[in-house]
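Worksheet: the structure to be examined is printed underneath.
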Amino acid sequence: MKFNNKKGSALVETAIILPVLLLIVIGICEFGRAMFISNTLNNAAREGARRAAVSPAPLNINAFVESSIPFDKTGLSITTTPDTPVSGSGAPITVEVKLPFHTVTGLIPQLDGIELRGEATMRYEL
């Protein structure tokens, strides 16, 4: 007895491998999103530290850093050390930005709530 019908076996193989493939693709997308957010936080911290380092008057660095982040800012934490810049001192200023990561799909709960951060330190120039 010989069976030549292979359509059913291809369907079963697809049904078995498709969830694994989709999980891998979604994982790659979520990881890429996390890297994008982390890179954006680093850039925002660097811009805030640079703005504070070259500014002659005290600025609202937190508002500037927050405006440089183009996505949801829920849970955003910005820490500037020291709190008040001392122009002309040559002392360093550090801006640290933290944001909890939330997945879009919710299929990888281990990534949900991870804290992403960006940090930059520069010396006062004025």
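Quick note: the coordinates plus some simple rules give every number you see, no bench work behind them. As the structure is a computational prediction, the values presented were derived from the model and not from experiment. Here the Cβ positions follow ideal geometry from the backbone for every residue, glycine too, while neighbour counts run over all protein chains shown.
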Gaussian network model of the chain, springs between alpha carbon atoms under 10 Å - residue of Val12, Val20, Val65 with greatest fluctuation | Val12
In Å, what Rg and Dmax follow from the Cα atoms of the chain?
-> 23.6, 92
Residue with peak Gaussian network fluctuation, the chain [Cα springs, cutoff 10 Å], from Leu18, Leu41, Leu107 = Leu18
Least to most buried among Lys73, Lys98, by other C-beta atoms within 10 Å and fewest first, runs Lys73, Lys98
With Cα coordinates, the longest principal axis of the chain makes an angle with the long axis of helix 7-54, in degrees rounded to 10, of 0 degrees
Amide H proximity to Leu116 below 5 Å, modelled H, separation 5+ or other chain, gives Leu99, Phe101
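Tell me, in nm to one decimal, what length is gained between Leu107 and Thr79 on full extension, where the rule is 0.36 nm per residue of separation less the Cα-Cα distance? Could the numbers behind the result be given before it?
On the way: separation 28, 0.36 × 28 = 10.08 nm, distance 3.17 nm.
That pair, Leu107 and Thr79, stretches by 6.9 nm at full extension.
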